[in-house]
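Heads up: the structure comes next, in structure tokens.
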Amino acid sequence: MSAATLAPAPHAADTPISLRAHLRHTGALIRRNLLWIRQDPESMFDAILFPVVFTLLFVYVFGGSIGQSLGGGQDQYVQYVVPGLMAMMGMNMAQGVGTGFNQDFNSGVMDRFRSLPIGRGSVLFAKIAVELMRMLLATAVLMVVAVLVGYDIKHWSGLLASVALSALFGSALMWVFLTLGVMMKSAQSVQAMGFLVLMPLQFGSSIFAPTASMPGWLQSFTDYNPLSALADTARGLMEGGPVAHHLWVTLIWSVGLTAVMAPVAIHKFRTKS
């Protein structure tokens, strides 16, 4: 991005910016974020190691016992849990975008951006775009490990559709965590809040195990848990089976979260003192 494009303006926040300029600014900020990752490759460790650790942990520690409850063994559990782990990718990347955003504020980077005549939404859209790239990398690593431990890809089109749906839901969650990143005082606070919210959603869902054996009150929670809907949709698409109901639930959650939280995140970013 040229110096003329990003030169400070007295009333940058109030200057109308065209759609073309928004897209140009977003592209430049995406490039800036990717260059930062290149300079700090350790920031990719979570995207690479998380799918490896979780896949091996759940397949080899819980695969035998839960697989038997599914009417098979470890091989049966691999087919069950991998679509669920895919549903987790966007959620875990979403938490990372919130902590990174907060760190950028505390380091003064965001103050610099807000002093420039660029679209406020461009900064947030660039963050989400790069996190989605990280999510796709994590999903690719997950599928490589899954195939190595015995996962059988039955429907390639279903796999691609599941990845796209996970990215959609993950981007919706990112707006929530971007809002937390603006509002919370420290990255540790964002992580703590994310842990309190995401842990019940993860384990109170059908990601790791069927919900039929859960207590009635917990089954009621899982029925409205968007992660259960996403995981069940991914299983239906990748393994074959009904998907219509769970697909609609996932889409409603994704669109609803984005419609509510995106304006809130942009407003909080624009007005943060």
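The values are calculated or read from the model by the stated rules, or taken from the named source; none is laboratory data. Fair warning: this is a prediction, and the values are worked out from it, not measured in the lab. Note that each Cβ is placed from the backbone with ideal geometry, even for glycine, and that neighbours are counted across all protein chains shown. These accessible areas exclude ligands, DNA and RNA; they are computed on the full protein's heavy atoms, side chains included. Shrake-Rupley method; radii C 1.70, N 1.55, O 1.52, S 1.80 Å.
Output the number of residues of the range 248-273 satisfying the condition of being open to solvent by 60 Å² or more (accessible area, probe 1.4 Å) and not small (G, A, S).
At the first step, the residues of the range 248-273 found to be open to solvent by 60 Å² or more (accessible area, probe 1.4 Å) are 248, 252-253, 255, 259-260, 263, 267-268, 270-273.
With the extra rule that they be not small (G, A, S), the set shrinks to 248, 252-253, 255, 260, 263, 267-268, 270-272.
Total satisfying the criteria: 11.
Looking at the range 201-233 only, could you name the residues that are in a helix (DSSP H, G or I) and over 16 Å from the mean Cα position of the chain (by Cα)? Can you show your working first?
Initial filter on the range 201-233 (in a helix (DSSP H, G or I)): 201-203, 216-223, 226-233.
Answer for the range 201-233, where residues must be in a helix (DSSP H, G or I) and over 16 Å from the mean Cα position of the chain (by Cα): F203, G216, W217, L218, Q219, S220, F221, T222, D223, D232, T233.
Is there any pair linking a residue in the range 176-205 that is crowded, with 16+ Cβ neighbours inside 10 Å and at pLDDT 85 or above to one that is of a type in the set (A, V, I, L, M, F, W, C) and part of a loop (DSSP other than H, G, I, E, B), with Cβ under 7 Å and at least six apart or on different chains, and which?
Partner pairs satisfying both residue conditions: V190/M184; M193/M184.
What are the residues in the range 64-79 that are open to solvent by less than 30 Å² (accessible area, probe 1.4 Å), within 18 Å of V144 (Cα to Cα) and touching an Asp or Glu at 6+ places or on another chain (Cβ under 9 Å), if any?
Within the range 64-79, V78, Q79 meet the criteria.
Take the range 234-273 and flag every residue that is among the small types (G, A, S), within 21 Å of V82 (Cβ to Cβ) and not in a helix (DSSP H, G or I).
G240, G241
What is the one condition in (1) touching a Ser or Thr at 6+ places or on another chain (Cβ under 9 Å); (2) open to solvent by less than 50 Å² (accessible area, probe 1.4 Å); (3) assigned to a helix (DSSP H, G or I); (4) closer than 24 Å to L132 by Cα that I118 does not satisfy?
In the conditions (1) touching a Ser or Thr at 6+ places or on another chain (Cβ under 9 Å); (2) open to solvent by less than 50 Å² (accessible area, probe 1.4 Å); (3) assigned to a helix (DSSP H, G or I); (4) closer than 24 Å to L132 by Cα, I118 misses (3) alone.
Among the small types (G, A, S) and at positive phi: which single residue out of G194, G150, G181 fits that description? Can you show your working first?
Values: G194 fails: at positive phi; G181 fails: at positive phi.
Checking each option against the conditions leaves just G150.
From the residues in the range 1-23 that are in a helix (DSSP H, G or I) and within 23 Å of R134 (Cβ to Cβ), which one is modelled with the highest pLDDT?
L23
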